[in-house]
Amino acid sequence: MSDKAVVINAQGGPEQLQLVEVNVGQPGPGEIRIRHAACGLNFIDVYQRNGAYAMPLPATLGMEGAGVVEAVGEGVTHLKPGDRAAYASQPPGAYATARVMPAKCVLKLPDAISFETGAAMMLKGLTVQYLLRKTLPQGGLQAGDFVLFHAAAGGVGLIACQWARALGLQLIATAGSDEKCRLALDHGATHAINYRTEDFAARVKDITGGRGVKVVYDSVGADTWEGSLNCLAPFGLMASFGAASGAVPPIAVGTLAAKGSIYLTRPTLFTHIATHESTQAMGDDLFAMVASGQVKIHIDRRYALAEAAQAHRDLEARQITGSAVLLP
């Protein structure tokens, strides 16, 4: 069987994505070989392709996938050949029919969850898990608390809307169109703001009776940065976990004092899934939320592996709501 992967030989535009034949090989110690049924598509893939994130070249892109384990290397005990599995993991390499990869972040996929759902939800769902469960303001979050979530109609955002509803939180969503705002509301957001037609910071203050929110979860970056800081209540937490609109400018430490003794963090998923034990615990939480029906994974588009360049164009043009998958 001839295996294929989408690789880049130079960082740049979507045209850099090339489908080539590859020799997958056998897993070494601590590794598995997995044959993909579906591969996830994420904005981090764009950052790696366009040069925003430096990476060794040539490289295969893709950080999440799902399929069947074909072989395991020495020392791997939590997986065996034939297991259904899913992952979000470094290094990149998911845009492929099959790959050899580290086993520590690969989890058994429950039978109740399809391969497409598994591939679409691992990176995004584990991101929401660490945000809503671990990236918390002083005193944590309780039912009824207000949180602000930007880009709420995207793959991460729609999961966050549902998970926040399950926790009893009042999630204020922002999105770039009225249609996307309706989608966020349909998935559990309490309020939705079209940031293209409204001042979202002013609306947040109106919604919260002038108090502001306990935490802002922001993956947009430069475009929403200043407004996000203005949405926080005293002692609130600014959680910046992405920069889809560009890097956040340098911030003077004194700004945190002036805004009300606020806190600032820049978390990453891969710090949280650095061990198999932490990955398994987070994955169990995610699987339980999806299996219970409290979180449903919205797959907006499906692309053939050979259509990866078009998938990237659509992602960058913000034409994808929810998640998208590549099908080998």
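The values are calculated or read from the model by the stated rules, or taken from the named source; none is laboratory data. A quick note: this is a predicted structure, and the numbers were derived from the prediction, not measured. Please note: Cβ atoms are built from the backbone with ideal geometry, for glycine as well, and neighbour counts cover all protein chains shown.
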Among the candidates Ser219, Ser240, residue that is touching a Lys or Arg at 6+ places or on another chain (Cβ under 6 Å) and closer than 25 Å to Gly51 by Cα: Ser240
Of residues in segment 3-18 being touching a helix residue (DSSP H, G or I) at 6+ places or on another chain (Cβ under 7 Å) and buried (at least 16 other Cβ atoms within 10 Å of the Cβ), the one nearest to Met55 (Cα to Cα): Gln11
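Of these, Leu315, Leu232, Leu305, which one is assigned by TED's automatic domain parsing to the domain that holds Arg165 and either in contact with a strand residue (DSSP E or B) (Cβ under 8 Å, 6 or more places away or on another chain) or at positive phi (or both)?
Step by step, each of Leu315, Leu232, Leu305 is checked, and only Leu232 is assigned by TED's automatic domain parsing to the domain that holds Arg165 and either in contact with a strand residue (DSSP E or B) (Cβ under 8 Å, 6 or more places away or on another chain) or at positive phi (or both).
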Those residues of segment 50-71 which are within 17 Å of Ala94 (Cα to Cα) and aliphatic (A, V, I, L, M), in sequence order: Met55, Leu57, Ala59, Leu61, Met63, Ala66, Val68, Val69, Ala71
Cβ pairs under 8 Å, 6+ apart, first in segment 285-310 and under 14 Å from Val128 (Cα atoms), second in a loop (DSSP other than H, G, I, E, B) and among the basic types (Lys, Arg): Val290/Lys296
Those residues of segment 262-317 which are among the small types (Gly, Ala, Ser) and either part of a helix (DSSP H, G or I) or closer than 28 Å to Ala5 by Cβ (or both), in sequence order: Ala274, Ser278, Ala281, Gly283, Ala288, Ala291, Ala304, Ala306, Ala308, Ala309, Ala311, Ala317
Residue list for segment 100-120, filter: closer than 11 Å to Ala86 by Cα and not in a helix (DSSP H, G or I): Ala103, Cys105, Val106, Leu107, Lys108, Leu109, Pro110, Ile113, Ser114
Set Ala233, Ala143: member being among the aliphatic types (A, V, I, L, M), more than 25 Å from Leu315 (Cα to Cα), at pLDDT 95 or above and surrounded by fewer than 17 Cβ atoms within 10 Å (Cβ to Cβ): Ala143
Identity of the residue in segment 68-89, over 25 Å from the mean Cα position of the chain (by Cα) and not in a loop (DSSP other than H, G, I, E, B), that ends up surrounded by the most Cβ atoms within 10 Å (Cβ to Cβ): Val72
